[in-house]
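Peer 1: Below you will find the structure I want to go over with you.
Bear in mind these aren't lab numbers, they're just calculated from the coordinates by the rules spelled out. All of these numbers come straight from a predicted model, not from anything done at the bench. Ideal geometry is used to build each Cβ from the backbone, glycine not excepted, and the neighbour counts take in all protein chains shown.
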């Protein structure tokens, strides 16, 4: 039992460091919050949490191994994810170009489902998450670990991701932050768009 909890602490500790490092999920959450509303940011965070749960669960069932065995499957998922990131980045650039000075959030209103879907697809757009979880679980989780432990582990990494991005959405919606963002909205959208496109191209060209 002691070994199990040591494994749990290792996985969660590494995952915390991974999650708090800014990446596409962070950008998607912050941009949705600042450009639209706190609610949009929280829904994006919820979508990211579901994506994390799906990647974690699939990895426990050997998705990373399947990707290695069927290279074509991995490539297909990778290019689909890269295309989505580039698409989102292009939309951000167009939004920045069209945006003018406004007294409120700079982005158009979107449905709750679309915000949630954006978070989910952004998280699922990186198939390397499967390889990450598979490698981490293979190293840190004993093969004899009971099913309840696997469930606790997936639930914990999901809670860490969802909690962190929800916290980011909540903090970024504070009045001083929103007021500052309104002065630099076009520049932020442009930079975020370039970053998303860059991440998409990097994902597409990585071997």
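Peer 1: Where the centroid of each part is defined by its Cα atoms, how far is segment 164-186 from segment 2-62 in Å?
Peer 2: Taking the Cα centre of each part, segment 164-186 and segment 2-62 sit 19 Å apart.
Peer 1: If packing is taken as the average number of other Cβ atoms within 10 Å across a peptide's residues, how do 115-122, 165-172 rank, most packed first? Don't skip to the answer; put the middle values down first.
Peer 2: Numbers: 115-122: 21.9, 165-172: 19.1.
Put in order of decreasing packing, that is 115-122, 165-172.
Peer 1: Under a GNM of the chain (C-alpha, springs under 10 Å), which listed residue has the highest mean-square fluctuation: 178, 16, 195?
Peer 2: The residue that fluctuates most here is 16.
Peer 1: Summing -39500 (n - 2.57) over the DSSP H runs of n ≥ 4 in the chain and dividing by its residue number, what mean residue ellipticity at 222 nm do you reach, to the nearest 500 deg cm²/dmol? Walk me through the numbers before you get to the answer.
Peer 2: Values: 9 runs with 172 residues, N = 207.
Calculated mean residue ellipticity at 222 nm is -28500 deg cm²/dmol.
Peer 1: To make sure I understand, if each residue's beta carbon is the centre and we count other beta carbons within 10 Å, what order do 26, 137 fall in, fewest to most?
Peer 2: On the way: 26 16, 137 21.
Result, fewest neighbours first: 26, 137.
Peer 1: Working from Cα positions, state the angle (0 to 90°, nearest 10) between the long axis of helix 175-205 and the longest principal axis of the chain.
Peer 2: Around 50 degrees separate the two axes.
Peer 1: May I ask you to order 87-95, 146-154 by the average number of other C-beta atoms within 10 Å around their residues, highest value first? Don't skip to the end; give the middle numbers.
Peer 2: Details: 87-95: 18.2, 146-154: 14.6.
Order by mean packing, descending: 87-95, 146-154.
Peer 1: Additional query: Could you work out the relative contact order of the chain, using alpha carbon pairs under 8 angstrom and six or more residues apart, expressed as a whole percent? Write out the running numbers ahead of the final one.
Peer 2: Numbers: 275 pairs, mean separation 91.0, N = 207.
About 44 percent, as a whole number.
Peer 1: Ranking request for peptides 78-84, 18-24, 2-8: highest mean number of other beta-carbon atoms within 10 Å first, then the rest in descending order. Before the final figure, lay out each step's value.
Peer 2: Working: 78-84: 18.1, 18-24: 15.0, 2-8: 12.7.
Taking the mean over residues of other Cβ atoms within 10 Å, the ranking is 78-84, 18-24, 2-8.
Peer 1: Who wins for biggest fluctuation among 32, 140, 46 in a Gaussian network model of the chain, springs between alpha carbons below 10 Å?
Peer 2: Highest fluctuation among the options: 140.
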